[in-house]
Amino acid sequence: MGTYILRRLISAVAVMMVVGIFVFLLLRLAPGDPATMMAGDMATQQMIDGIREQLGLNEPLPTQFVHWALGVLSGNIGNSIFAGQPVLQLISQRVEPTISLSVLTTILSVAIGIVFGTFAAWRAGGFVDRTLTAFSALGYSVPVFVTSYFLVYAFAIKARWLPVQGYVSIDHGFGPWFVQLILPTVALSLSYIAFIARITRASMLEVLSEDYMRTAAAKGASTYSMLFHHALKNASAPILTAIGISLAYLIGGVVITETVFNIPGVGRLVVDAINNRDYPVIQGVLILVSGLYVLINLAVDLAYTLVDPRIRY
Amino acid sequence: MQTQTSADDVLLDVREIVTHFYSENSVTRALGGVSFQVRAGETLGVVGESGCGKSVTALSILRLLPKLTGKIVGGEIRFHGRDLLKLSEQEMRKVRGNRIAMIFQEPMTSLNPVHTVGSQIAEAVRIHTKVSRQDAMAKAQEMLALVRIADPQRRVKNYPHEMSGGMRQRAMIAMALACSPELLIADEPTTALDVTIQAQILRLIVDLKERIGTAVLFITHDLGVVAETCQRVMVMYAGRIVEEASVSDLFARPSHPYTQGLMRSVPDRRRGRRQRLPEIPGIVPSLRESAAGCSFAPRCPVAIKSCGEAVPPMRVVGPGHAAACWRSEEVMGA
Amino acid sequence: MRISSLPRLAVRHPLVFTGGGLLTLVIVAALSAPVYAGDPMIMDPFKLLQSPSTQAWFGTDSLGRNVFARTMYGARISLVVGLLSTMVAALAGLMIGVTAGYIRSFDNFIMRVMDGLMSIPTILLAIALVALTGPGIGILIVAIAIPSTPSTARLIRSVVLSVRERPYVEAALCGGARLPRILWRHILPSSIPPLMVQSANVCAGAILTEAALSFLGAGVPPSIPSWGNMIASSRLYLSIAPLNLFAPGICLAITVLAVNLLGDGLRDMFDPRSKQRR
């Protein structure tokens, strides 16, 4: 077990190094002069030189890399050109709405996805199953911003049940916070629900035809116990993988959803950085998110051992 | 040995059950009207080649057929006089594992790999009786001791993959007997095991049956096993019962040519157990098309023209002995 | 394919038929837009945010442009970016996958690099590239192709590894057949079916990513009529002119649906067992 975790950690570090080198080279090898690009259309030569200096672009490449890598390792993932603040500080100011949205979306997607997929598998070919097929075709095909605007149009503009956009911090109470997040969470969840439900269905379908399910039935186990006590735990490894993948893809959806609903989170920080041509901010978020992705993968691998006693590392 | 019994100690009375399997474009008539009775406390053997409908009979009784493809289309299964086919699913669940329990052929795959053996036995107890979790686990441990698993305190906490095949089958038996069922259906419980382990498991089933007083429906393809375990036996062929007798009568006077074929091909244990009936020529007929006459006729060494024209009914050929063959008398004498 | 075989395709592979049909329709509509759709660029300051009319079937946008024309022309951007980035990713994935599967000493290194690339979210990577170089179709294609490549490379690598083990390939190797020949005769034919299925997935993702990036302002320049741009510029008028937003939105969904259906259908066609499993 210990050696396995160690091996996984080493490979995680290797992956992070690849990401680091890639992100580092991206700036240096991009066509054109990034400093000019970032300075914008109205830039003077002095401003361009300033940015060049700040990014350390004047030094030889290996020196730049060592400086940059040491900085990243010590927690300095760069400074915003536009705001002048450290990127980490900017992110920490914006992290609450993003975490709120991500956590709610994950809870909703996992809960509904698993239940939906389980019942679809239980009566394969039945009504729930066919609903899932149609639902997932839509979930995979309708982009999150189109879904979002449809929900806004239907529930906020026409029906006036929910606020159109914006964010209220949880400091102002759970109710207002939650009401603000309903539409963005639902919009963002749909494709993940489809994904998790499809994987759950496929995995459950395989498990339901196993001999031990017949044994459970012969014991007189109830349908609920058959599905959720006997089958789900056996079917959970692919579902865990699917949840891990969903979490990794979540950030892309968060960027879009925050833009649609005007939520001042990390995603908006990135989008604002596009307009301000503030590359260090984008780079900082990129590194953090990739690191998170690697950690999530590690966590998923370790979670396998919790659900399946046969897996021993 | 009980051969003569009155009607009221009949535990299970299966009458003319017909079970079909459906696929996209065909119907397989797996059981073509099977009738038999199991009396309280007796051991009834069911023998036949694979595919003859032995397991389907067992699954039909517990209504555990694959729900999308299998269906019981006719007949009655009376348990204590009550037709199981008329029970609601919820009522049926109270029968399964409680009054009728079942053990399966593959101990390697029949236990849930992600739960401990102890909790799986305890679950059977908790489904049917109101006991605390601890009491159920204590019962599980007691059951493991009963099926002679050494060190039951430790074994209750084991997962199935930590046990050998023989031990898992013992655990399956412990689970099946945990609620002291009146009927135990054992579907080839020793087929997947090593020869030495087979004998131990057989002895265990016979012993426990005596102690608990459970009736056993013992399904096997092995006449040798029948001789060791059963009082009465029925022979199945192509979804029908072709002969029924006490074990001693069957071996002394086999009255169906198929039974005789089976006897001649009883596998010699010293040569290995996987040899199945090599001496009956031909193959089991496809159950998709319904034949007009006796389904064994194409393979039968003594078939005459009329055998292909009408299905022979079960006819009494001796006390407690019946066979479905137009030529039983000639066959018996042969 | 002959016209006469279409009914049979519809019966035996309905997903391929529906998906392929819808996609053909979108492609034809995009290519022939100049014939029927009108001019997507002309602004008419006297006809802002109008409701649908015989001149402008989907109404006009906030600059008085014909929404129907812009929607039809918008298909071009989606298709070009989707198809080209899929081709780039397929080619790169094929080359990397074959190298990793064939030259074992490179395998570990290449696959770790692919893991690294996979751990970078597509949208963020594309945003980073666009922020460095400025918006443009070329950079967009590269930005979408890079994160799509690792999954293709992994797939091809696994095909190569399994094909290598087959007796006839081993025999060919022993017989002195050279690498290009093995590639051409054995590995490529086995790779094509899974590659097509994979590419359909990549293509659907690419079309979605292009639209998302344009929507966020990191895609094609705003003046070009792309579905993402149109949705971004019409969001302020959602309550008064919803069609401005939903026309491109629904077309986008239909196009992605078509590609997804085609991909699912191809998978069932190449691997009939997958149909039951799904």
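What follows is calculated from the coordinates using simple rules that are stated; it is not laboratory data. Every value quoted in this text rests on a predicted model; they were computed, and no experiment measured them. Neighbour counts are summed over all protein chains in view; Cβ atoms, including those assigned to glycine, are modelled from backbone coordinates with ideal geometry.
Subtracting the Cα-Cα distance of C:Leu6 and C:Asp44 from 0.36 nm times their residue separation leaves 9.2 nm of extension gain. Inter-label distance, B:Ala150 to A:Asn262: 7.6 nm, where each label sits 7 Å from its Cα along the C-beta direction. Working from label points 7 Å from Cα in the Cα-to-Cβ sense, the A:Leu25 to C:Ser62 distance is 4.2 nm.
This ranking places B:Ile212, B:Ile185, C:Ile224, C:Ile103 by how few other beta-carbon atoms lie within 10 Å of each, fewest first, which gives C:Ile103, B:Ile212, C:Ile224, B:Ile185.
If R0 is taken as 35 Å, the Cβ-Cβ distance between A:Ser74 and C:Phe106 corresponds to a FRET efficiency of 0.60.
Peptide C:175-183 has a mean of 0 when you count, residue by residue, the C-beta atoms of other protein chains within 10 Å of its C-beta. Any lysines with Cα under 27 Å of the A:Lys158 Cα? List them, leaving off those in the same chain fewer than 8 positions away. Those lysines meeting the cut-off are C:Lys47. According to the square roots a ≥ b ≥ c of the eigenvalues of the Cα gyration tensor, what is the shape class of the protein assembly as shown, taking rounded for a/c under 1.5, prolate for a/b larger than b/c otherwise, and oblate for the remainder? Taking the square roots of the gyration eigenvalues as a ≥ b ≥ c, the protein assembly as shown is prolate. The charge dipole of the protein assembly as shown, taken about its Cα centre with unit charges on the Cβ of Lys, Arg, Asp and Glu (plus for the first two, minus for the last two), comes to roughly 1380 debye. If R0 is taken as 22 Å, the Cβ-Cβ distance between B:Asp9 and B:Ser180 corresponds to a FRET efficiency of 0.80.
Quick one: work out the % antiparallel among DSSP beta bridges in chain B, nearest 5.
65
Given their separation in residues at 0.36 nm each and the Cα-Cα distance between them, B:Leu68 and B:Glu329 gain 89.6 nm when the chain is fully extended. Other residues whose C-beta falls under 13 angstrom from the C-beta of C:Gly97 contribute a net charge of +2, scoring Lys and Arg +1 and Asp and Glu -1. Here the spin labels are modelled as points 7 Å beyond Cα on the Cα-Cβ line, and at A:Asn58 and B:Ser23 they lie 7.9 nm apart.
Within 10 Å of the Cβ of each residue in A:134-147, the mean number of Cβ atoms contributed by other protein chains is 6.
Quick one: A:Leu181, C:Leu117, B:Leu31, fewest Cβ neighbours within 10 Å first, how do they rank?
With the fewest neighbours first, A:Leu181, C:Leu117, B:Leu31 line up as C:Leu117, A:Leu181, B:Leu31.
Given R₀ = 25 Å, what would the calculated FRET efficiency be for A:His172 paired with A:Asn276, taking r from the Cβ atoms and rounding to 0.05? Once the sixth-power term is evaluated, E becomes 0.30.
Classify chain A from the C-alpha gyration tensor, please: rounded if a/c falls under 1.5, else prolate or oblate depending on whether a/b exceeds b/c. Here chain A falls in the oblate category. Per residue of peptide A:195-202, the mean number of Cβ atoms on other chains within 10 Å of the residue Cβ is 1. Taking other Cβ atoms within 10 Å as a rough exposure proxy, A:Val144, A:Val207, B:Val316 sort from fewest to most as B:Val316, A:Val207, A:Val144. In the range C:42-182, if the dipole is taken from +1 on Lys/Arg beta carbons and -1 on Asp/Glu beta carbons about the Cα centre, which of C:Thr60, C:Leu91, C:Ile77 is farthest to the positive end? Value computed over the given set: C:Leu91.
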